[in-house]
Amino acid sequence: MSTITAKIQIYVPYEHTEMLIKTTQAYRKACNYLSVIVFQTKELRYRTLHDLYYRELRSRFGLKSQMAQSVIRTVIARYTSARSNGHDWSLVKFKRPEYDLVWHRDYALNDDRFSVNTLDGRVKLRYKKRGMQHFFDGTWKWGTAKLVYKHKKWFLHISMTKEFSELDLTKVNHIVGIDLGINFLAT
């Protein structure tokens with residue numbers, strides 16, 4: 001099984017820009033709020049954080065149900081990743097306007113439109129389709145995505161998974177060798 005991240009540019013008309021900015025800012029603020037709590041308590045169990053802070057996240061930041069759950073999962077994932085990479089326990093800060101999306105709950109994508117849940121309701125937007133056709137052939141599994149605002153443009157980073165058959169080495173006819181020399185990166 002292989003997993004890649006597909007990066008898609010989203011075309012957001014002026015009238016929807018404010019909705020997305022408002023949503024990503026609320027999401028970021030909620031992540032930072034919960035991050036301070038996790039840093040102080042060192043609590044990384046989803047069930048415990050959900051029971052203690054789910055309602056608080058919804059009321060304080062105006063998040064919808066799935067958004068509040070995604071905040072909890074995002075904060076846990078960042079702390080877990082930092083620990084597994086050998087970093088000391090330190091406060092994780094969320095700086096970029098981003099929003100983690102769950103397939104068929106927060107977002108959907110078809111041949112024509114990208115549909116995303118915001119604090120003000122669902123929005124349907126155009127996206128850059130070039131090079132994306134093969135992801136719609138039914139063999140790819142769509143996963144969690146991240147809506148990112150970068151360089152005054154909106155992007156969607158989607159985790160895509162596909163099952164591939166095992167390579168049969170007896171059927172390999174040509175092998176290419178790579179010399180990693182001192183003077184050149186690869187020859």
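The values are calculated or read from the model by the stated rules, or taken from the named source; none is laboratory data. The shown structure was predicted, so the numbers you read here are calculated from the model rather than taken from an experiment. FYI the Cβ positions are ideal-geometry reconstructions off the backbone, even for glycines, and counts take in every protein chain you see. Heads up: the accessible areas ignore ligands, DNA and RNA and are worked out on the full protein's heavy atoms, side chains in. Shrake-Rupley method; radii C 1.70, N 1.55, O 1.52, S 1.80 Å.
Between LYS129, LYS141, LYS124, LYS171, the distinction of being over 25 Å from THR3 (Cα atoms), open to solvent by 70 Å² or more (accessible area, probe 1.4 Å) and more than 14 Å from the chain's Cα centre (by Cα) belongs to LYS124 only.
When SER84, SER159, SER165, SER90 are checked against the criterion of being open to solvent by 30 Å² or more (accessible area, probe 1.4 Å), touching a Gly at 6+ places or on another chain (Cβ under 8 Å) and either among the β-branched types (Val, Ile, Thr) or farther than 21 Å from MET19 by Cα (or both), a single residue qualifies: SER159.
Is it fair to say ARG113 is open to solvent by 60 Å² or more (accessible area, probe 1.4 Å), in contact with a Lys or Arg (Cβ under 6 Å, 6 or more places away or on another chain) and at negative phi? Explain how you work it out, then say what you get.
Working: open to solvent by 60 Å² or more (accessible area, probe 1.4 Å): yes; in contact with a Lys or Arg (Cβ under 6 Å, 6 or more places away or on another chain): yes; at negative phi: yes.
Yes: the conditions hold for ARG113.
Within the span defined as segment 124-141, one or more residues are within 24 Å of LYS29 (Cβ to Cβ) and in a strand (DSSP E or B).
Return a yes/no flag: does segment 82-101 have any residue that is in contact (Cβ under 8 Å) with a residue 40 or more places away in the chain, under 18 Å from ILE8 (Cα atoms), of a type outside the set (Asp, Glu) and in a strand (DSSP E or B). Within segment 82-101, one or more residues are in contact (Cβ under 8 Å) with a residue 40 or more places away in the chain, under 18 Å from ILE8 (Cα atoms), of a type outside the set (Asp, Glu) and in a strand (DSSP E or B). Candidates in segment 46-79 are the residues that are assigned to a helix (DSSP H, G or I), hydrophobic (A, V, I, L, M, F, W, C) and under 13 Å from TYR99 (Cβ atoms); of these, the one that is most open to solvent (accessible area, probe 1.4 Å) is PHE61. Taking LYS146, is it outside any loop (DSSP other than H, G, I, E, B), in contact with a Leu (Cβ under 8 Å, 6 or more places away or on another chain) and of a type in the set (D, E, K, R)? Taking the combined requirement at face value, the residue satisfies it.
Among the listed residues LEU44, LEU52, LEU34, identify the single one that is out of contact with any helix residue (DSSP H, G or I) (no Cβ under 7 Å at 6 or more places or on another chain), modelled with pLDDT of 95 or more and farther than 15 Å from ASN117 by Cα. Walk me through how you get there before you give the answer.
Details: LEU44 fails: out of contact with any helix residue (DSSP H, G or I) (no Cβ under 7 Å at 6 or more places or on another chain); LEU34 fails: out of contact with any helix residue (DSSP H, G or I) (no Cβ under 7 Å at 6 or more places or on another chain).
Residue meeting the stated conditions: LEU52.
In this structure, does THR3 turn out to be open to solvent by 50 Å² or more (accessible area, probe 1.4 Å) and either under 14 Å from TYR99 (Cα atoms) or not in a helix (DSSP H, G or I) (or both)? Answer is yes for this residue. Pairs linking a residue in segment 126-138 that is over 14 Å from ILE158 (Cα atoms) to a residue that is modelled with pLDDT of 80 or more and surrounded by 11 or more Cβ atoms within 10 Å (Cβ to Cβ), with Cβ atoms under 6 Å and 6 or more positions apart or on different chains, are ARG126/TYR11.
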